[in-house]
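Participant: First the structure, which I've put down as structure tokens, then a few questions once you've had a look.
Read the figures in this text as sums done on the coordinates, not as results from a lab. Note that the coordinates shown come from a computational prediction; the quantities given were computed from them, not determined experimentally. Note that we place each Cβ from the backbone using ideal geometry, even for glycine, and neighbour counts take in every protein chain shown.
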Amino acid sequence: MKLGTNQITTTQMIALLSSALIAVGIFTLPRNLALKVGTPDLWISTLIGGIFSYITCLIIVSLCLRFKQLTFFQFNKLIVGKWIGTLLSVGFIGYALMIGSFEIRSMGELTQFYLLEETPITVIVISMYWVAIYLLTSGINPIARLIEMLTPLTICIFVIVILLGLEVFELDNLRPVLGLGITPVLKGLTPTFLTFSGTEFLLVFIAMMQKPKEAKKVALIGLAIPVSIYILAVVVITGGLSVERMKHQKWPTFALIQEYEYRGVLFERFESLFLVVWLIQMFLTYVVCHYVAAKGVATLTRLSYKKASYMLLAAVYFICLIPSDLNQLEKMGTLIGWTSFAFSFLVPALLLLIAWMRGLKLDDEQRSSA
Amino acid sequence: MMSKGVVRKFSLCMVVLLCLSGCWDSSDIENIGFAIGFGIDPGDDEQAPIQLTTQVASTKKQGGQAATAQQGKLFQNITLKGNSMQDILRSLALQLPYPVFTDHLETIVINEDTASDYDLFILLDQMLRDNVTRSSPAVLLTKQTAGDVLDVNIEGEITSRYINNFFENESSTMKILPQKRLGEVTANLIAGTSVILPSVTKGKNTVRLDGAGVIRAKDNKLAGFLTDNEVEGINWLSGNGEGGLLNYKDEKGNTIIYEIQHYKAKPKPHYQNGKLSFDVQITAQGWITEDWSLTSNNLSENYIAKLERLAGDEVVKIMEGTMEKLQQDFKTDVVQFYDSFRIAYPRDYQKMKKDWDTYFANADVQYDVEIKIVNTGDLVKEGRLK
């Protein structure tokens, strides 16, 4: 396909959805899960959470397919009217900005803690923004291409680094399965679902797909990849560290990687490798968020997309510096999680219901007649 | 001829490049001290109750030549007193002109007095919090001064690394406990279970692994030491060993050596009406690698069966000895019976985990050992009488 078009292929879409989902959760989910669940059944929670996310994806897909080639920002007005629609759009833009800032800030905190102790966090954060804006200003096509190129690579390295943790794996740490019944598993659904925020971006991206009919396939594969990575990570971490220790480790994923050492291979330790790959992934997630927000602003106002993305840069920078410490950052994460629940489940479900009741549908024939 | 715009852009790029070369966190490797080992001892006064020996690898070359002052010494030990680990580590700055990094830490040796006075969790706190210390260093105990142990100078070796390398021998003998990494110790401390740490002693110019120390869960303090032979029992009971030898005698008093290729230990818990018992099932497979009996035919099935039975009896004896010490003297479960119980009775374990060591100490233990000899080596003795 040609550079500069505004459409993305199915493969690109799958890569985009997976990398939007693999983000800071890979560091925070294991501990949050362990705290809530407390038994070795963490992986079951993750699996159920993944299935639930798939259902929400299906809702989003069927909603978007009713309004072909229109983004969320455009079709919500058709369903609920101008005012509520604008309100929803503004909320969605704010949410995308928040999640982007959250990812960038978490990225900064972790980089500072593990890699660049003396470097001011603003420097880490700003250097990330600059690279991002260079990519962002040219629109969706280069973004999708970059993601398509990087995601397979990062996923491979993720999987390898996590699998290497099998050296310290003990199956007994995962047993017994459902020892205390199903209740602990259900408690784990909240953090899991909050981690899988990112599916709601489909609301915007399906409109740009070359073959929107394949959106269901995208939802399935694009969700299956990150969910299986999360399950793999949770299983290996539980086996390697034990649930008790996961509760007491701020970043269990990193603790697992610090636990093993391979002598006589190319690398002895894998922390840096993992962090590098993870930074790429965080960057991609951030770019997706920023793109969605800029697209929204451009749709709502008369600003061009390019100008909007430059302006949002400032907003993102300020939002990301609001939390003063890690605890507040974590609170922000929870807030994002609940907002995500609203935008990936409640809003699409309601919109779909209203659209269905009012019989609203916009396909190609209507469009040409309109 | 380049246009003005291109020149301008080009020089701008060059200026930006300048920024790239400077890294906030760069430090030259020649100017870093790498802490390879820690030795924790009691300090003698109240103001400074902890004495920390830091073993720093020598990376410095002086005047273009390797340091010759102490021939063949690859490390430098610095012993300082203080009231907290971090404080002592920072005091190193007064003695060592380059900053000390702990991300290559290999070994932590703790003196027995410190271990019986302090909660182990407190002693390890700094290392667990620190962002560069990994959870892979081995934790050991010693009956001597930890600083002295680290001071042993073995030619061409850094003592801490030397000690850590002992654990590579795990498959040669049952008298070595598996390496206990800092991370694993943490897991035990957090889960509130007792933990066993290998112990190290220094000879004149050597160091050796020598039994193990038991840290009880009640207060995370040292309960006592086990000997080499009792460690053998621990390995049989926990199933964590990598193999090694079983040394026993046939009924005529001839020495037999059985080499374990692999073995499994399975404690089966039973819990009824508040009564806890364990059925320990051991299965092992291995070779006969030395047999002092001159009169036996080692190809005869009867003979092999007899050796297998005798080996099984010996293993039971070893385990009973260790178990008695664990249950009566120390009252601690360091053979991970809690794991099998947790898996079999998850709900009961939730209630019992606080006083698990007491339950363990009062449990009945039965043994069921099955030893298999799959090979008797290259030599065939036909069992002729002298």
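Participant: May I ask you to evaluate 6.51 cos²θ - 1.76 cosθ + 1.60, the Karplus curve with θ = phi - 60°, for each residue of the stretch A:52-63 and list the ³J(HN,Hα) values in order in whole Hz, giving x for glycine and proline?
Facilitator: Result, rounded to whole Hz: 4, 4, 4, 4, 4, 4, 4, 4, 4, 4, 5, 5.
Participant: Further question: Relative contact order for the stretch B:227-386 using alpha-carbon pairs under 8 Å, separation at least 6, rounded to a whole percent?
Facilitator: The normalised contact order for the stretch B:227-386 reaches 32 percent.
Participant: Sticking with this one: Using the 10 angstrom Cβ neighbour count as an exposure proxy, how do B:Arg208, B:Arg216 rank, fewest first?
Facilitator: Going from sparsest to densest Cβ surroundings: B:Arg208, B:Arg216.
Participant: Right, another one. Calculate for chain B the 222 nm mean residue ellipticity that helices alone would give, adding -39,500 (n - 2.57) per DSSP H run of length 4 or more and normalising by residue count, nearest 500 deg cm²/dmol.
Facilitator: So the calculated ellipticity at 222 nm is -9000 deg cm²/dmol.
Participant: Going down the table (B:Lys268/B:Lys325; B:Lys317/B:Lys372; B:Lys143/B:Lys264; B:Lys275/B:Lys325; A:Lys82/A:Lys217), which pairs top 25 Å between alpha carbons?
Facilitator: Where the Cα-Cα span goes over 25 Å, the pairs concerned are B:Lys143/B:Lys264; A:Lys82/A:Lys217.
Participant: Cα convex hull of chain A: how many Å³ per residue?
Facilitator: That works out to 138 Å³ per residue.
Participant: Provide, as a two-decimal number, the C-alpha radius of gyration of the stretch A:176-278 over 2.2 N^0.38 Å, N being how many residues it has.
Facilitator: Scaled against compact globular proteins, the figure is 1.41.
Participant: If you don't mind, another one. What trypsin sites (Lys or Arg not before Pro) does the stretch B:226-296 have in DSSP loop regions with at most 11 other beta carbons within 10 Å?
Facilitator: Passing sites in the stretch B:226-296 are B:Lys252.
Participant: Further, regarding this structure: Hey, got the average number of other protein chain Cβ atoms within 10 angstrom for residues in B:180-192?
Facilitator: 5
Participant: Grab every C-alpha pair in the stretch A:155-213, bin the distances at 10 angstrom width from 0 up to the longest one, and report whole percents.
Facilitator: P(r) for the stretch A:155-213, in whole percents per bin: 15, 21, 35, 19, 9.
Participant: Find out how many positive minus negative residues lie around A:Trp251, taking Lys and Arg as positive, Asp and Glu as negative, among other residues whose Cβ is under 14 Å from that of A:Trp251.
Facilitator: Net charge in that neighbourhood comes out at +1.
Participant: For the stretch A:21-180, take every pair of Cα atoms, bin their distances at 5 Å starting from 0, and report each bin as a whole percent.
Facilitator: Per 5 Å bin, starting at 0, the Cα pair percentages come out as 1, 6, 8, 13, 17, 16, 14, 11, 7, 4, 1, 0.
Participant: Lys and Arg at +1, Asp and Glu at -1: add these up for the other residues within a Cβ distance under 14 Å of A:Ala298 and post the number.
Facilitator: Cβ neighbours under 14 Å give a net charge of +4.
Participant: Compute the long axis of helix A:140-164 from its Cα atoms, compare it with the longest principal axis of the Cα atoms of chain A, and write down the angle in degrees, 0 to 90, nearest 10.
Facilitator: Rounded to the nearest ten degrees, it is 20.
Participant: Let me ask you something else. Trypsin sites (Lys or Arg not before Pro), restricted to the stretch A:1-87: which are DSSP loop and have at most 14 other Cβ atoms within 10 Å?
Facilitator: Within the stretch A:1-87, the qualifying trypsin sites (Lys or Arg not before Pro) (loop, at most 14 other Cβ atoms within 10 Å) are A:Lys2.
Participant: Moving on to the next point. Which loop-located trypsin sites (Lys or Arg not before Pro) does the stretch A:288-333 contain, where loop means any DSSP state but H, G, I, E or B and the Cβ has at most 16 other Cβ atoms within 10 Å?
Facilitator: A:Arg302
Participant: Here's another thing I want to ask about it. So which aspartates and glutamates can A:Lys331 reach, going by Cα to Cα under 20 Å and dropping same-chain residues fewer than 8 places off?
Facilitator: A:Glu103, A:Glu109
Participant: Separate question: With angles folded into 0 to 90 degrees, how steeply does helix A:25-37 sit against the dominant principal axis of chain A? Use alpha carbons for both and round to 10.
Facilitator: Once rounded, one gets 70 degrees.
Participant: Can you give the angle from 0 to 90° between the axis of helix A:326-341 and the longest principal axis of chain A, with both taken from C-alpha atoms, to the nearest 10?
Facilitator: 50 degrees
Participant: Just the number, please: percent antiparallel of the DSSP beta bridges in the protein assembly as shown, rounded to the nearest 5.
Facilitator: Around 70 percent of the beta bridges assigned by DSSP in the protein assembly as shown are antiparallel ones.
Participant: State which stretch of chain A is the longest one without any exposed GluC sites (Glu not before Pro), exposure meaning a DSSP loop state and at most 13 other Cβ atoms within 10 Å.
Facilitator: That would be A:119-267.
Participant: Could you list B:Leu52, A:Leu329 so that the one with the fewest beta carbons within 10 Å of its beta carbon is first and the one with the most is last?
Facilitator: Neighbour counts put them in this order, fewest first: A:Leu329, B:Leu52.
Participant: First select every other residue whose beta carbon is under 12 angstrom from the beta carbon of B:Arg309; then total the charges, Lys and Arg +1, Asp and Glu -1.
Facilitator: Taking every other residue near B:Arg309 into account, the sum is -4.
Participant: If you don't mind, another one. Using alpha-carbon positions, what is the distance between the centroids of the stretch B:263-342 and the stretch A:186-248, in Å?
Facilitator: So the two Cα centres are separated by 47 Å.
Participant: Right, something else. Please return the longest stretch of chain B lacking exposed loop sites, where GluC sites (Glu not before Pro) count only if DSSP places them in a loop and at most 15 other Cβ atoms lie within 10 Å.
Facilitator: Within chain B, the longest run free of exposed GluC sites (Glu not before Pro) spans B:252-386.
Participant: Moving on to the next point. Could you work out the helix-only [θ] at 222 nm for chain A, with each DSSP H run of four or more residues adding -39,500 (n - 2.57) and the total divided by the number of residues, to the nearest 500 deg cm²/dmol?
Facilitator: -24000 deg cm²/dmol
Participant: For a quick check: sort A:Arg145, B:Arg90 by the number of other beta carbons within 10 angstrom, fewest at the front.
Facilitator: B:Arg90, A:Arg145
Participant: Could you give me the ³J(HN,Hα) list for the stretch B:75-88, computed from phi with Karplus coefficients 6.51, -1.76, 1.60 and θ = phi - 60°, whole Hz, x at Gly and Pro?
Facilitator: 9, 9, 9, 10, 10, 9, 10, x, 10, 7, 5, 4, 4, 5
Participant: Give me the extension gain from B:Ser277 to B:Ala48: residue separation times 0.36 nm, minus the current Cα-Cα distance, reported in nm with one decimal.
Facilitator: 77.8 nm
Participant: Ignore the peptide's own chain and count Cβ atoms of other chains within 10 Å of each Cβ in A:231-244; give me the average, rounded.
Facilitator: Numbers: counts 0, 0, 0, 0, 0, 0, 0, 0, 0, 2, 6, 7, 3, 9.
So the per-residue partner count for this stretch is 2.
Participant: Something else: Are there DSSP H segments in chain B that both extend 20 Å or more along their axis (alpha-carbon positions) and score a mean Kyte-Doolittle hydropathy of at least -0.5? List them, or say none.
Facilitator: Span-like helices here: B:4-21, B:301-324.
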